[in-house]
1. What's the number of the only condition in (1) modelled with pLDDT of 80 or more; (2) farther than 23 Å from L36 by Cβ; (3) over 60 Å from the mean Cα position of the chain (by Cα); (4) polar (S, T, N, Q) that T104 fails to meet?
2. Within the stretch 246-262, count every residue that is open to solvent by less than 80 Å² (accessible area, probe 1.4 Å), outside any loop (DSSP other than H, G, I, E, B) and over 18 Å from V313 (Cα atoms).
3. Here is a check on your reading of the model: is R144 open to solvent by 100 Å² or more (accessible area, probe 1.4 Å) and either part of a helix (DSSP H, G or I) or small (G, A, S) (or both)?
4. Go through the stretch 386-412 residue by residue and tally those that are farther than 25 Å from A371 by Cβ and of a type in the set (V, I, T).
5. What are the residues in the stretch 308-352 that are within 17 Å of L238 (Cβ to Cβ), assigned to a helix (DSSP H, G or I), out of contact with any strand residue (DSSP E or B) (no Cβ under 7 Å at 6 or more places or on another chain) and free of Cβ contacts under 8 Å to residues at least 40 places away in the same chain, if any?
6. Out of everything in the stretch 211-237 that is open to solvent by less than 10 Å² (accessible area, probe 1.4 Å) and aliphatic (A, V, I, L, M), what residue ends up being farthest from E265 (Cα to Cα)?
7. Does the stretch 454-468 hold any residues that are farther than 28 Å from R369 by Cβ and either in contact (Cβ under 8 Å) with a residue 40 or more places away in the chain or touching a Phe, Trp or Tyr at 6+ places or on another chain (Cβ under 9 Å) (or both), and which are they?
Amino acid sequence: MTPRRALLVLPVAASVIAAAVIIVLTSPGESDQRLLQASAAMETQLLRQAIVAEGPSAAVRFDRLSEGFDLALVDGLAAAPKGSRERVALLALADMGRRWRSATARALLLPGTEERAGAAARAALVERFVEQNASLQAVIRSSRDASGRVQRRTMVLFSFAIALLAAAAAGLAAARAWRRYTARVAGERRLLHEDRRHRGEQEEFARALQGARSEREAQRMLKRQLERSLDESSATVLNRNNSRNRLEAVTALRADSPLAEIMPEAEPDDCLAVRFGQPNSRAAGSSPLLACELCGALEGSVTCVPSLVGGEVIGSVLVQTPTPLDQGGQRRLSVAVGYAAPVLASMRNLKLAETRAATDALTGLANRRSAEETLGRSLAMASRTATPCAVVSFDLDHFKQVNDVYGHDKGDQLLAAVADTVSASVRASDFVARFGGEEFLVILPDTELDGALLLCEKLRAGVAALRISGVGQSPSASFGIAVFPTDGEDPETLLRGADRALYAAKEGGRNCVKALRVLDDPVTHATEAVV
């Protein structure tokens, strides 16, 4: 029952109870009423007997009326409590009635015997009977009036008590209703405040996503957004890498987290949210029939939501909390992931498109456009740091002959093998690109000519050691070197210088290394020719 209904029902119920009590208390006592009726009936029967005794056929009618007197007496005795003065008075009346009937019966059986004296005595008994009966009725009425006063006082006190109880109950219900109302209002205000705060955070998150410069930055934003909107939460953003068939944690993991050991070998299907494309939750201490290999290793409650874009799962977001998320928390989690998923997908597609545009499809190396852009940035950095930067241009000798004799497939295999050899031989800071056809470009930051010569000799030996199945001749390569800033200070000058050195290597018999600085120094060049 609601507090408002209780406020209405309790007074009504109290009123009904009070009315019933009033009706009971104000009704005359049943025993007193029966006594009054019995005494009146006894008097009536006695007076009728007195009248009948003077008429004809008196004996027959006298006996019938005597039976009525006795029945009235029995009814009165049944109503009078034992030991009460009403019962004593009723018995006295009965005794006078019996004496009168006995005297009257003798007079009827023996007419003429002491007629005058007997008639006077019988008349006196009737008169005394009437007087005592009147006294009895007065006593009964007085007792009833006293009882009525007591009942009325009791009724007033009871009604007052009922009213107090009803008022107290109504007050208690009103207090409870008010407390519930104030608690509900406070709860609604708190929820409204939290909703406004979360809405503001979501709007801020949506705006920040639009300004993210990279996929990783957007993923870190998503992690911070979830951890600030979900109390005592720890969020991990997972990325699906289809090419390697791996599920990668792209946000920081705590060193003591079980995920730090699991994630290096995690596959997409290990996460149930990714496998089914639906949110997956596990409460603390529960043991689901199908356990998630990622969530199952974590303590507390875990909720994992897939990142869906156009029906494709690109990853998931795993949130760990001490207790299960309520409906509001689940909604905030879904909204945040829903905001971030299309942004992350767009950034991924853009990065993929940029990578494809800057990558040679056959060798996996950077292409000419990417090489020219990288060379410009490398020279700018070298100029700021006042460090050298070597540029190496090399191509495969007699590559056209390989294509013509053994086929383009074998030529492609050779190019891919050369790319792998060069990539494995350079430093992480170096840059390798396929510059066109069988020509390659290597950019070596912070490298002088001597270092470039050593690397080129290493690369030349590596290429000569390659063997391609089905190709009967050993490959070789010719190398040309130009160094910033000695041989040039801009990309175009350095590329032309490296090409000059490469052509000199070709003219010098191929399968050798030439440096532009040596070509431009006649003494060094003459010495090299003699050697």
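The values are calculated or read from the model by the stated rules, or taken from the named source; none is laboratory data. It should be emphasised that the depicted structure is a prediction, and the values quoted were computed from it without experimental measurement. Glycine gets a Cβ as well: all are built from the backbone with ideal geometry, and neighbour counts include every protein chain shown. To get the accessible areas, we keep the full protein, side chains included, count just its heavy atoms, and leave off ligands, DNA and RNA. Shrake-Rupley method; radii C 1.70, N 1.55, O 1.52, S 1.80 Å.
1. That leaves (1) as the condition not met.
2. Summing the residues that are open to solvent by less than 80 Å² (accessible area, probe 1.4 Å), outside any loop (DSSP other than H, G, I, E, B) and over 18 Å from V313 (Cα atoms) in the stretch 246-262 gives 3.
3. Considered against the rule, which asks whether it is open to solvent by 100 Å² or more (accessible area, probe 1.4 Å) and either part of a helix (DSSP H, G or I) or small (G, A, S) (or both), R144 comes out as no.
4. Going through the stretch 386-412 one residue at a time, the tally reaches 1.
5. Hit for the stretch 308-352 is G338, nothing else.
6. L230
7. Those that are farther than 28 Å from R369 by Cβ and either in contact (Cβ under 8 Å) with a residue 40 or more places away in the chain or touching a Phe, Trp or Tyr at 6+ places or on another chain (Cβ under 9 Å) (or both): E457, A464, I468.
Here is a yes/no grid of residues against (1) open to solvent by 100 Å² or more (accessible area, probe 1.4 Å); (2) modelled with pLDDT of 85 or more:
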| site | (1), (2) |
| --- | --- |
| G148 | no, no |
| T154 | no, no |
| A163 | no, no |
| L172 | no, yes |
| R179 | yes, yes |
| A183 | no, yes |
| A186 | no, yes |
| L192 | no, no |
